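Peer 1: Pasting a structure below so you can have a look.
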Amino acid sequence: FPCTQIEVTAPALNNMAIAYHQMGSHVDSVAIYKRIIKMDEDDPTNYYNLGTAYEAAKSYKDAAKAYRQAIELEPEEAKYYNNLGGCLQALNKTETAERSYKWAIKIDKRYGEAYYNLGNFLLGSGRVEEALEILDKCIKMKPEHANCLRKHGEAKKALEEKAEAFKSQIDEAIEKAEKMRSRGEL
């Protein structure tokens, strides 16, 4: 049989990388995306895909670097900032993560996933009122977004618990003041 050379194209490699990614073989997926980037260094999607593979492998620092490269090539793509925010959050770079989520929203005011991620971030940071406001916007845009609905419920519950704790503190202070007054201390 004559030996036939097969040209390996970036789209064919991309399909392979996706297959590896879906099978959970993130190391192989990363290797293929790196190969694709060598073929086309100017396509921001290649860096984005590399970032998602790194992120799936929990290599957040490498993922953040890949997302930043995508942003450098295409600074007006909201999903790059949104994913960068997730990596930065995983790396405990909270201020930068929050800015990334907000930048994604600034670029695309209809990008529900960024609202969800920002709301989730704020809730995790104890900023319940802010989280509720952001999650409300997410629900208005995407009422079918199950995770957003769940987080919104968690935020409402946290706010109710916060209000109940505050009420208990006030009740205790009033009770203490009444006891002090009855003893003539006030």
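Peer 1: Order by neighbour count: Tyr80, Tyr48, Tyr20, fewest other Cβ atoms within 10 Å first, most last.
Peer 2: Tyr20, Tyr48, Tyr80
Peer 1: Relative contact order (percent) for the chain, with alpha-carbon contacts under 8 angstrom and 6 or more residues of separation?
Peer 2: 10 percent
Peer 1: Another question, then. What dipole magnitude, in Debye to the nearest 20, does segment 52-160 give about its Cα centre under +1 on Lys/Arg Cβ and -1 on Asp/Glu Cβ?
Peer 2: 120 debye
Peer 1: Just to check I understand the Karplus step: with θ = phi - 60° and J = 6.51 cos²θ - 1.76 cosθ + 1.60, what whole-Hz values come out for segment 89-104, glycine and proline as x?
Peer 2: Listing the rounded values in order: 5, 5, 8, 6, 9, 5, 5, 5, 4, 4, 4, 5, 4, 5, 5, 4 Hz.
Peer 1: I've got another one for you. Points 7 angstrom from Cα along the Cβ direction at Glu7 and Lys102: gap in nanometres?
Peer 2: Inter-label distance under the simple model: 4.8 nm.
Peer 1: A further question on this structure: Could you give the length gained by full extension between Glu160 and Ser125, i.e. 0.36 nm per residue of separation minus their alpha carbon distance, to one decimal place?
Peer 2: 10.9 nm
Peer 1: Still on this structure, I have one more. Under a 10 Å cutoff between Cα atoms, tell me which one of Glu144, Glu172, Glu164 has the largest fluctuation in the Gaussian network model of the chain.
Peer 2: Glu172
Peer 1: Compute, for the chain, the length of the dipole vector about the Cα centre, with Cβ point charges of +1 (Lys, Arg) and -1 (Asp, Glu) only. Units Debye, rounded to 20.
Peer 2: With only Lys, Arg, Asp and Glu charged at Cβ, the dipole is about 400 debye.
Peer 1: What is the gain in length, in nm to one decimal, between Asp171 and Met141 on full extension, counting 0.36 nm per residue of separation less the C-alpha to C-alpha distance?
Peer 2: 6.8 nm
Peer 1: Still on this model: Just one of [x] 16.4, 49; [y] 18.2, 57; [z] 24.2, 108 is Rg and Dmax of the Cα atoms in Å as worked out from the coordinates here. Which one is it?
Peer 2: Checked against the structure: label [z].
Peer 1: Follow-up question, since we're still on this one. Provide the convex hull volume over Cα atoms per residue for segment 109-185, in Å³.
Peer 2: Considering the Cα atoms of segment 109-185, their hull volume per residue is 84 Å³.
Peer 1: Under a GNM of the chain (C-alpha, springs under 10 Å), which listed residue has the highest mean-square fluctuation: Ala57, Ala78, Ala114?
Peer 2: Answer for the Gaussian network model of the chain: Ala57.
Bear in mind that the values in this text are calculations on the coordinates, not laboratory data. All values reported here derive from a predicted model rather than from experimental measurement. Neighbour counts are summed over all protein chains in view; Cβ atoms, including those assigned to glycine, are modelled from backbone coordinates with ideal geometry.
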